[in-house]
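Everything on this sheet refers to the single structure shown next.
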Amino acid sequence: MAAVRADLKSQGKVAWKSLSYGCILTPLLSPLGRVASAASLACARSQVVPRIFAVIVGEATWAHHAVAEAEQLQISSLMTQAPYRPAFVLSLLSSLLEGPIMVLRSLFLAMLFTPVILLAPFADSWGEGYRRLWLYLVRFSLEKAGAAFIKWGQWAATRPDLFPKDLCAELSRLHTKAPAHNFAHTRRTVEGAFGRKLHEIFEDFEEEPIASGSIAQVHRAVLRFRYPGQKSRPMVVAVKVRHPGVTEVIQRDFAIINWIAKISGYMPGLQWLRLDESVQQFAVFMLTQVDLAREAAHLSRFIYNFRRWKDVSFPKPLYPLVHPAVLVETYEQGESVSRFMDRPGRNRVNSELASIGTHTLLKMLLVDNFIHADLHPGNILVRMEPGNPAPNKQMFRSRPHVVLLDVGMTAELSQRDRRTLIDFFKAVAVKDGRQTAECTLKFSRNQSCPDPAAFIDEVEQVFKFWGSEEGDAVTPGQCMQELLEQVRRHKVNIDGNVCTVMVTTLVLEGWQQKLDPELNVMDTLRSLLFKADWAKSLSYTIDGLMAP
């Protein structure tokens, strides 16, 4: 926080300095500029007043800092040659307008979330029906609030260590189709990103999007040219285009979310939500979602990691058609894995899918240390491909192929966290509650659990039940969910990336249970992790099972 405060003060001083130069250049802007300068500097230095306006003015003038420095060196000549620079005036007007926009946006959000906030203290005491209504109201308000709040809700759904299980379940329904922007914006964005007309790049471009999320929407197109003047073989591609103004809206809303979270810490009815802690961990995740060029880099890394695998693939980014606002990638055919979950009874294809999912997660987690952190069924496609001939049959037996989409959210662990997580999984595999709890307490360097001994005792009780005859019917996923519930109740800190990995394991274990109830992820872990030379042989073992 000290670094953030220093950065805010620095931005406020830059704003004040730049605006001061503008005041020298023209007497007409002098009173207005001095007022803006004084307000920015006062906010930057204040320990009580929120620094939001200092950030706004500072960021708006930062882009023109170089111009201001040049003007400082040539003030006398500029005063005789021109009264002001148009670019600087536009920047000043933009920064001045941003204040009222923030106020209006804050008022709208206040009206939208006031019912949720006022009813929150009674969510636990007025019965189950009322709580379900309140949970629906939370989701509805987040949907209407815009992209930043939708992404926060989606992220919060993956944090059962911070939020109650029923709230996470309700927020997980935010993975729905978001409103699409118009085709005119898509055309402008694509042409602006690549410097060519749409028809010069694509032979055909569908105006209606095939999917739309809170950050971007996807169009299907046929590629004409990949490089200027070089004809490409016709290829069906997916073109992901960022929604208009989403970056600015998210930045503005995040400042408001952060402010609301700080206030919630002083309200008794909202303290249990731990909003301030969740917003701090959400910040890094949110900033990476709006850059589609970063998603292309993630795709390239996954493609390399799985280069030898025959049953798992990812969309391929088509460089140089990659830009922070536009991503062109190969179009992948397939059905959602949820279609296979709905098929009754155990069958060969479902068992193979469950096995592929298990080994894919183990490779990401234990071999590559690069995990796809958004593995809900909507991001998993399955297509049937011809395989080897079936025994005693002339026809080839088809086999499932898994395609993983939307890799904007990923997780990597430090060496310390990897070692602790492996010890954690070993403890879970042998149902050692004490060792599991002790590893959990190591998942944060700044652990603030008020009573670690009580947490360890309760986790031990959970695992004792799991190891009894009555607990045989409890799945490993259910046991881990109960563990995360104890984490939340005892206010145990878990670093964001570690919890993301744990929740990804839970999500994968959940849909594997629906595909093949007889497959036990923990049995697979136990067979691999307790080998004496597992660290050296694990990569060869998994690749040998899944690669050609």
*Count of the range 224-241 residues which are of a type outside the set (A, V, I, L, M, F, W, C) and open to solvent by less than 50 Å² (accessible area, probe 1.4 Å)*: 2
*asked:* Please count how many residues of the range 210-221 are more than 14 Å from LEU327 (Cα to Cα) and either in contact with a Cys (Cβ under 8 Å, 6 or more places away or on another chain) or at pLDDT 90 or above (or both).
replied: 1
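Looking at the structure I just gave you, is ARG348 more than 21 Å from the chain's Cα centre (by Cα), without any contact (Cβ under 8 Å) to a residue 24 or more places away in the chain and open to solvent by 50 Å² or more (accessible area, probe 1.4 Å)? It would help to see each step written out before you state the result.
Details: more than 21 Å from the chain's Cα centre (by Cα): yes; without any contact (Cβ under 8 Å) to a residue 24 or more places away in the chain: yes; open to solvent by 50 Å² or more (accessible area, probe 1.4 Å): yes.
Spelling it out, ARG348 is indeed more than 21 Å from the chain's Cα centre (by Cα), without any contact (Cβ under 8 Å) to a residue 24 or more places away in the chain and open to solvent by 50 Å² or more (accessible area, probe 1.4 Å).
Would you mind stating whether LYS165 is under 20 Å from the mean Cα position of the chain (by Cα), touching a residue at least 12 places away in the same chain (Cβ under 8 Å) and open to solvent by 30 Å² or more (accessible area, probe 1.4 Å)?
Working: under 20 Å from the mean Cα position of the chain (by Cα): yes; touching a residue at least 12 places away in the same chain (Cβ under 8 Å): yes; open to solvent by 30 Å² or more (accessible area, probe 1.4 Å): yes.
It is true that LYS165 is under 20 Å from the mean Cα position of the chain (by Cα), touching a residue at least 12 places away in the same chain (Cβ under 8 Å) and open to solvent by 30 Å² or more (accessible area, probe 1.4 Å).
Out of curiosity, is VAL462 under 17 Å from VAL428 (Cα atoms) and open to solvent by 10 Å² or more (accessible area, probe 1.4 Å)?
Values: under 17 Å from VAL428 (Cα atoms): yes; open to solvent by 10 Å² or more (accessible area, probe 1.4 Å): yes.
So VAL462 passes the test.
Out of the residues in the range 327-345 that are closer than 23 Å to GLN512 by Cα and of a type in the set (Asp, Glu), state the one that is surrounded by the fewest Cβ atoms within 10 Å (Cβ to Cβ). Outline the logic, then answer.
Narrowing the range 327-345 to residues closer than 23 Å to GLN512 by Cα: 332-345.
Keeping just the survivors that are of a type in the set (Asp, Glu) gives 332, 335, 342.
Details: GLU332: 17, GLU335: 12, ASP342: 8.
Across the range 327-345, the extreme among qualifying residues is ASP342.
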*Taking VAL407 and the conditions (1) modelled with pLDDT under 90; (2) in a loop (DSSP other than H, G, I, E, B); (3) closer than 18 Å to THR504 by Cα, which numbered condition does it fall short on, given that it satisfies the others?*
(1)
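Looking at the range 340-366, which of its residues are under 15 Å from THR504 (Cβ atoms) and among the hydrophobic types (A, V, I, L, M, F, W, C)? Spell out how you get there, then give the answer.
First, the residues of the range 340-366 that are under 15 Å from THR504 (Cβ atoms): 357-366.
Within the range 340-366, LEU361, LEU362, MET364, LEU365, LEU366 meet the criteria.
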*Starting from residues that are free of Cβ contacts under 8 Å to residues at least 24 places away in the same chain and of a type in the set (Lys, Arg), keep the ones in the range 299-326 and report whichever is least open to solvent (accessible area, probe 1.4 Å).*
LYS316
*Select from the range 157-175 the residues that are part of a helix (DSSP H, G or I) and either more than 23 Å from GLU248 (Cβ to Cβ) or in contact with a strand residue (DSSP E or B) (Cβ under 6 Å, 6 or more places away or on another chain) (or both) and list them in ascending order.*
LYS165, ASP166, LEU167, CYS168, ALA169, GLU170, LEU171, SER172, ARG173
_Condition met for GLU470 (over 25 Å from the mean Cα position of the chain (by Cα) and farther than 15 Å from VAL430 by Cα)_ = yes
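Can you find a residue in the range 443-452 that is part of a helix (DSSP H, G or I) and crowded, with 20+ Cβ neighbours inside 10 Å? Show your work before the answer.
Within the range 443-452, the first condition is being part of a helix (DSSP H, G or I), and the residues that meet it are 452.
From what is left, the residues that are crowded, with 20+ Cβ neighbours inside 10 Å are none.
Within the range 443-452, none of the residues are part of a helix (DSSP H, G or I) and crowded, with 20+ Cβ neighbours inside 10 Å.
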*asked:* Can you report the number of residues in the range 186-223 which are in contact with a Pro (Cβ under 9 Å, 6 or more places away or on another chain), open to solvent by less than 40 Å² (accessible area, probe 1.4 Å) and not in a helix (DSSP H, G or I)?
replied: 7
*Can you find even one residue in the range 415-426 that is in a loop (DSSP other than H, G, I, E, B) and either surrounded by fewer than 21 Cβ atoms within 10 Å (Cβ to Cβ) or at pLDDT 90 or above (or both)?*
no
*asked:* Given the criteria open to solvent by 60 Å² or more (accessible area, probe 1.4 Å), at pLDDT below 85 and in contact with a helix residue (DSSP H, G or I) (Cβ under 8 Å, 6 or more places away or on another chain), does GLU482 qualify?
replied: yes
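A quick yes/no check of all residues on (1) touching a residue at least 24 places away in the same chain (Cβ under 8 Å); (2) out of contact with any Pro (no Cβ under 8 Å at 6 or more places or on another chain); (3) assigned to a loop (DSSP other than H, G, I, E, B); (4) crowded, with 16+ Cβ neighbours inside 10 Å:
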| position | (1), (2), (3), (4) |
| --- | --- |
| SER355 | yes, yes, no, yes |
| THR360 | yes, yes, no, yes |
| LYS363 | yes, yes, no, yes |
| LEU366 | yes, yes, no, yes |
| LEU375 | yes, yes, yes, yes |
| MET384 | yes, no, no, no |
*Of the residues that sit in the range 242-291 and are crowded, with 19+ Cβ neighbours inside 10 Å and under 30 Å from PHE202 (Cα atoms), which one is modelled with the lowest pLDDT?*
GLN289
*Output the number of residues of the range 521-532 satisfying the condition of being modelled with pLDDT of 70 or more and either assigned to a loop (DSSP other than H, G, I, E, B) or open to solvent by 80 Å² or more (accessible area, probe 1.4 Å) (or both).*
0
*Could you please find all residues in the range 496-520 being within 20 Å of the chain's Cα centre (by Cα) and either β-branched (Val, Ile, Thr) or open to solvent by 50 Å² or more (accessible area, probe 1.4 Å) (or both)?*
ASN497, VAL498, THR500, VAL501, VAL503, THR504, THR505, VAL507
*Check whether at least one residue in the range 108-131 is free of Cβ contacts under 8 Å to residues at least 12 places away in the same chain, over 30 Å from HIS323 (Cβ atoms), charged (D, E, K, R) and out of contact with any strand residue (DSSP E or B) (no Cβ under 8 Å at 6 or more places or on another chain), and report yes or no.*
yes
_Considering residues of the range 123-146 that are open to solvent by 60 Å² or more (accessible area, probe 1.4 Å), assigned to a loop (DSSP other than H, G, I, E, B) and not hydroxyl-bearing (Ser, Thr, Tyr) only, the residue modelled with the highest pLDDT_ = TRP126
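The values are calculated or read from the model by the stated rules, or taken from the named source; none is laboratory data. Computed from a predicted model, the values in this text were never measured in an experiment. Note that we place each Cβ from the backbone using ideal geometry, even for glycine, and neighbour counts take in every protein chain shown. For the accessible areas, the whole protein counts, side chains as well, though only heavy atoms, and no ligand, DNA or RNA atoms are used. Shrake-Rupley method; radii C 1.70, N 1.55, O 1.52, S 1.80 Å.
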